[in-house]
Amino acid sequence: MRDIKTKEDLSFLMDSFYNTMLKDEMIGYIFNDVANLDLKEHLPSLTNFWENMLIKPNGYKKQVMDIHLKLNALEKLQPQHFERWLFLLSETVNANFKGEKAERMLGSAKNIAAMMQFKMGHSF
């Protein structure tokens, strides 16, 4: 198994992850019913976010925290939601990639989830 190397790898990964997540019994409703996520619009943005984090700077400028704080105002995101998100991401990454960038992605995702929960007032 190889590491994440290209934007196409990230696009594949985000497509696989979100298609699994949208069907998930615990958190799928947040994306489908609360956020009304348009996957065709959202996937390129997610791919750009992770490309900026893992492969090369690409000028990604969206305020990820603001987007999730707005979502939290509509539906209180709980620690178990973040845990499930991380579990599904880890499963998807580990099923498809192995290496430094794959590990960095999972570490960054854990840090992002922790920061979001902190800013949403969850204590650990």
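The values are calculated or read from the model by the stated rules, or taken from the named source; none is laboratory data. These numbers were taken from a predicted model, which means no experiment stands behind them. Here the Cβ is made from the backbone with ideal geometry for all residues, glycine too, and neighbour counts use every protein chain on show.
Taking the range 70-103 as the region of interest, how many residues are over 13 Å from the mean Cα position of the chain (by Cα) and either under 23 Å from VAL34 (Cβ atoms) or of a type outside the set (A, V, I, L, M, F, W, C) (or both)?
Summing the residues that are over 13 Å from the mean Cα position of the chain (by Cα) and either under 23 Å from VAL34 (Cβ atoms) or of a type outside the set (A, V, I, L, M, F, W, C) (or both) in the range 70-103 gives 18.
For the structure I just gave you, tell me whether SER90 is of a type in the set (Ser, Thr, Tyr) and at pLDDT below 95.
Taking the combined requirement at face value, the residue does not satisfy it.
If a residue counts only when it is out of contact with any Asp or Glu (no Cβ under 9 Å at 6 or more places or on another chain) and closer than 16 Å to THR92 by Cα, which helices (runs of 4 or more DSSP H) contained entirely in the range 1-77 have at least 1 such residues?
Numbers: elements: 7-21, 39-54, 64-74.
Result: 7-21, 39-54.
Going through the range 88-105 one residue at a time, which ones are surrounded by 14 or more Cβ atoms within 10 Å (Cβ to Cβ) and either among the aromatic types (Phe, Trp, Tyr) or part of a helix (DSSP H, G or I) (or both)?
Across the range 88-105, the qualifying residues are LEU88, LEU89, SER90, THR92, VAL93, ASN96, PHE97, LYS101, ALA102, GLU103, ARG104, MET105.
Could you list, ordered by first residue, the pairs with Cβ atoms under 7 Å in which the first is in the range 14-35 and crowded, with 16+ Cβ neighbours inside 10 Å and the second is small (Gly, Ala, Ser) and assigned to a helix (DSSP H, G or I), at least 6 apart or interchain?
Short answer, once both residue conditions are applied: MET21/GLY28.
Give me the pairs, please: first residue somewhere in the range 88-110 and in contact (Cβ under 8 Å) with a residue 24 or more places away in the chain and on the phi < 0 side of the Ramachandran plot, second residue anywhere and surrounded by 14 or more Cβ atoms within 10 Å (Cβ to Cβ) and among the aromatic types (Phe, Trp, Tyr), beta-carbon distance under 7 Å, and either six or more positions apart or on two chains.
These pairs meet every condition: LEU88/PHE17; LEU89/PHE17; THR92/PHE17; MET105/TRP50.
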